[in-house]
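Here's the structure we're looking at; comments come further down.
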Amino acid sequence: MVIVAGHLVVDPDERESYLEGCVSVVELARRAPGCLDFTIAADLVDAGRVNIFERWESRADVAAFRGSGPGDEQSAAMLAASVAEYDVADVRSLT
């Protein structure tokens, strides 16, 4: 399993617009082969922060979905980004 997690920083005045532009990305990802979970969400404390969380069956599934990465408009809106990919060897359910 692969987890992609981190955050982006956007202009606080533009965050809602940025998130609206991400709706189709989330919908596509959730239908993509190997996608177990995918969310792009507003941070509850920092008005300019957008939290990223993705869970995939494999690295190949991530690569197939990701393609060339964010579109030009999304990239232009990002002031900073700190997102990493993690290979998960073991999972323990907490529920």
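A compact table of results
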read-out: Residues of the range 1-35 satisfying the condition of being charged (D, E, K, R) and farther than 19 Å from G67 by Cα; value: D11, D13, E14, R15, E16, E20
read-out: Candidate set from the range 81-92 (those that are touching a residue at least 12 places away in the same chain (Cβ under 8 Å) and open to solvent by 50 Å² or more (accessible area, probe 1.4 Å)); member that is farthest from S17 (Cα to Cα); value: V91
read-out: Qualifying positions in the range 50-60 - surrounded by 18 or more Cβ atoms within 10 Å (Cβ to Cβ) and either over 11 Å from the mean Cα position of the chain (by Cα) or in a helix (DSSP H, G or I) (or both); value: W56
read-out: Per-region count, the range 8-46, residues open to solvent by 90 Å² or more (accessible area, probe 1.4 Å) and assigned to a helix (DSSP H, G or I); value: 8
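The values are calculated or read from the model by the stated rules, or taken from the named source; none is laboratory data. Because the structure is a prediction, the values reported are computed rather than measured. Please note: Cβ atoms are built from the backbone with ideal geometry, for glycine as well, and neighbour counts cover all protein chains shown. SASA here: full protein model, heavy atoms, side chains in, ligands and nucleic acids out. Shrake-Rupley method; radii C 1.70, N 1.55, O 1.52, S 1.80 Å.
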